[in-house]
Amino acid sequence: MKKSNTIKFSIMLSEIFILLLIILAASLPFLTTWYVEHFARHENLATTIMVTCYPCAPFTGLTLFYLRRVLKKIDKGDYQNPDNIKHLKYMAICCIIIAGITLVAGRFYLPFFLVAGTFMFLALIIFVFRNIFINVFK
């Protein structure tokens, strides 16, 4: 794929993920209830999942929103825009907040520890890219 096509594809994927996040947030009560009943889990698990996921949803949405903004600037060839560095910083902070929320929730449902580790790793990668933008484009 050409460079422009991959960026446009990435923008499209970010928009799809924003839509999926909205759908998931709207259907979370149904999905968690189904999961608990279908897999014979403790009935409090649905509440634990919702109490964890709903506070994470806005930060996930912000991360996707900032990603989309960075990609659109890159698509226009605006690599040196200082907003890119700011947006990458905000994305990493959102990932750290999500990691903190899911780390606490891991005490009640172990798979959240995996989510917390994943988001901490993602924050690290974003900070590395932010540093690349700072050093290369300033």
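The values are calculated or read from the model by the stated rules, or taken from the named source; none is laboratory data. What you see is a predicted model, and the numbers here were worked out from it, not measured in a lab. Reconstructed Cβ throughout: ideal geometry from the backbone, glycine too, with neighbour counts over all protein chains shown.
Brief remarks on what is shown
- Residue satisfying condition, being free of Cβ contacts under 8 Å to residues at least 40 places away in the same chain and part of a helix (DSSP H, G or I), within set Ile11, Ile22, Ile18: Ile22
- The set of residues in region 85-106 that are farther than 18 Å from Arg130 by Cα, of a type in the set (A, V, I, L, M, F, W, C), more than 11 Å from the chain's Cα centre (by Cα) and buried (at least 19 other Cβ atoms within 10 Å of the Cβ) comprises Ile101, Ala105.
- In region 120-134, the qualifying residues are those that are under 14 Å from Leu67 (Cβ atoms), in contact with a helix residue (DSSP H, G or I) (Cβ under 7 Å, 6 or more places away or on another chain) and hydrophobic (A, V, I, L, M, F, W, C), and the one that is surrounded by the most Cβ atoms within 10 Å (Cβ to Cβ) is Ile126.
- Looking only at region 28-47, residues that are hydroxyl-bearing (Ser, Thr, Tyr) and either at pLDDT 95 or above or touching a Leu at 6+ places or on another chain (Cβ under 9 Å) (or both) come to 2 in all.
- Considering residues of region 91-138 that are touching a Leu at 6+ places or on another chain (Cβ under 7 Å) and aliphatic (A, V, I, L, M) only, the residue nearest to Thr60 (Cα to Cα): Met91
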